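For reference, the structure is listed below as structure tokens.
The values are calculated or read from the model by the stated rules, or taken from the named source; none is laboratory data. Note that this is a predicted model, so its numbers are computed, not measured. Using ideal geometry, Cβ is built from the backbone for each residue, glycine included, and neighbour counts are taken over all protein chains shown. Protein only, heavy atoms only, side chains kept; ligands, DNA and RNA dropped before computing areas. Shrake-Rupley method; radii C 1.70, N 1.55, O 1.52, S 1.80 Å.
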Amino acid sequence: MASPSAAASSSSEGSPFDPDVDVEFLHSHVIPADRMRVHFSSLFNERLPPSPYDEQIEQVWETRCQENKTLFNASKFRFHSSSYENDALTINLGVTCYKNFIGTNMASNASELARLGRCYLSDPVGVGNFVITSDSFVIVTKRSEFCAEAPGCWDIPGGHPEPSVIGLNVNGDYSNEEDTLNATVVEEIVVSTLRETQDEVNIPMEQLRMIGCLGIARNTTTCGRPSIEFLVECTLSSAEIRRLYCKGTQAEADETTAIKFIPLNDMATLKQQPLWQSLAPSAKGCFEFYIRLFHTSHNPSGVFY
């Protein structure tokens, strides 16, 4: 888990967190990407649940696939824990897969499984982006109804870092490579956040600049599924981005149905606005972090640079 002092130093300010969100890690400032570390090890993979929970994974997956033909299985990084020492954030990761996520975190009895031990949950790590346009708006898109998570909700650009991009899979043995893989995994996490924005919104990656990590949130609606939230600056205006999005040529155009731009100045009061109840938990977590870091007594203007 995160260092208690790191999490408590900022979360004590402001209103309580939305019930859809728990805090895994939140510090008093944005963590630059070059201060992020990964400890990758098979020791952080999930364990096979005891009977009868082990049998339900395949059953739940088959049922969900029948209901949603767009689902497919793929390897994902599994979040185990995080720590903050010597001004660096370290994230402990193993490997899992999307099928195990559907069969554990998203199962109807996920809370029972969690009580047996968090080691039995898939906990695939997601990434989300607080993208600020050149004219000071924040991007959200409306998720398609066929999305497995938060269908029809407004969400920030995001997704998953992909083990397959760097040659990893859930069945591999990397015990002799783990030390050399750590830096490669960090790079994939950071690059994947920009890649997801390109694939979902149609913004070229060269128009995006990584500022750093806002924090790590847990989605309570999927039994604490973790997401690393990032702050990203875009060189394009909201009008330019809308034109790119509406072309529909992005790789994941079918995953969203609309785009919206929230004035950055509205962020401090967003929780009191009707839109808040239509946000996906991942967006709520990301926005909660931004509000606490940039709209507090220490930084009432919300300026991030």
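Data overview
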quantity: By accessible area with a 1.4 Å probe, ligands and nucleic acids excluded, highest first: order of Lys142, Lys76, Lys69; calculated: Lys69, Lys142, Lys76
quantity: FRET efficiency, Ala258 to Asp34 (Cβ-Cβ, R0 51 Å, nearest 0.05); calculated: 0.90
quantity: Antiparallel DSSP beta bridges within the chain, as percent of all bridges there, nearest 5; calculated: 75
quantity: In degrees, nearest ten, helix 281-294 long axis to first principal axis of the chain (Cα); calculated: 50
quantity: Point-charge dipole on Cβ atoms (K/R +1, D/E -1) for the chain, about Cα centre, debye to 20; calculated: 580
quantity: Label-point separation in nm, Asp22 to Asn169, each point 7 Å along Cα→Cβ; calculated: 3.3
quantity: Structure-derived Rg and Dmax of the Cα atoms in Å - corresponding label in (i) 35.2, 119; (ii) 33.7, 99; (iii) 18.5, 55; calculated: (iii)
quantity: Relative contact order computed over the chain (Cα-Cα under 8 Å; 6+ residues apart), in percent; calculated: 24
quantity: The chain: angle of helix 178-201 to the longest principal axis, Cα-based, in degrees nearest 10; calculated: 50
quantity: Crossing angle, helix 53-67 versus the chain [Cα axis fit, 0-90 degrees, rounded to tens]; calculated: 50
quantity: Pairwise label distance in nanometres, Asn68 with Trp276, each label 7 Å out on the Cα-Cβ vector; calculated: 2.7
quantity: Accessible-area value, Ile228, 1.4 Å probe, nucleic acids and ligands omitted, Å²; calculated: 0
quantity: Percentage relative contact order, the range 68-188, counting C-alpha pairs under 8 Å, at least six apart; calculated: 24
quantity: Extension gain, Leu116 back to Thr269 (0.36 nm per residue minus Cα-Cα distance, nm); calculated: 51.2 nm
quantity: Residue-normalised accessible area of the range 5-116, expressed per residue, 1.4 Å probe, Å²; calculated: 49
quantity: Ranked order, Thr221, Thr96 - accessible area, probe 1.4 Å, largest first; calculated: Thr221, Thr96
quantity: Choice from Asp123, Asp199, Asp34 with maximal GNM fluctuation in the chain (Cα, 10 Å cutoff); calculated: Asp34
quantity: Accessible area in the full protein assembly, largest first, 1.4 Å probe, for Phe44, Phe17; calculated: Phe17, Phe44
quantity: Of Lys247/Lys271; Lys69/Lys284; Lys99/Lys247; Lys99/Lys284; Lys99/Lys260; Lys76/Lys99, pairs whose Cα-Cα distance is over 21 Å; calculated: Lys247/Lys271; Lys69/Lys284; Lys99/Lys247; Lys99/Lys284; Lys99/Lys260
quantity: Per residue value of the accessible surface for the range 135-287 (all protein chains in place, 1.4 Å probe), Å²; calculated: 41
quantity: Theoretical FRET efficiency, 1/(1+(r/R0)^6), r = Cβ-Cβ of Thr235 and Ser15, R0 30 Å, to 0.05; calculated: 0.35
quantity: Heavy atoms of Arg209: accessible area, 1.4 Å probe, square angstrom to 10; calculated: 120
quantity: 10 Å beta-carbon shell around Ser227, net charge (K/R +1, D/E -1); calculated: 0
quantity: Protein accessible area in the chain, 1.4 Å probe - carbon and sulfur %; calculated: 50
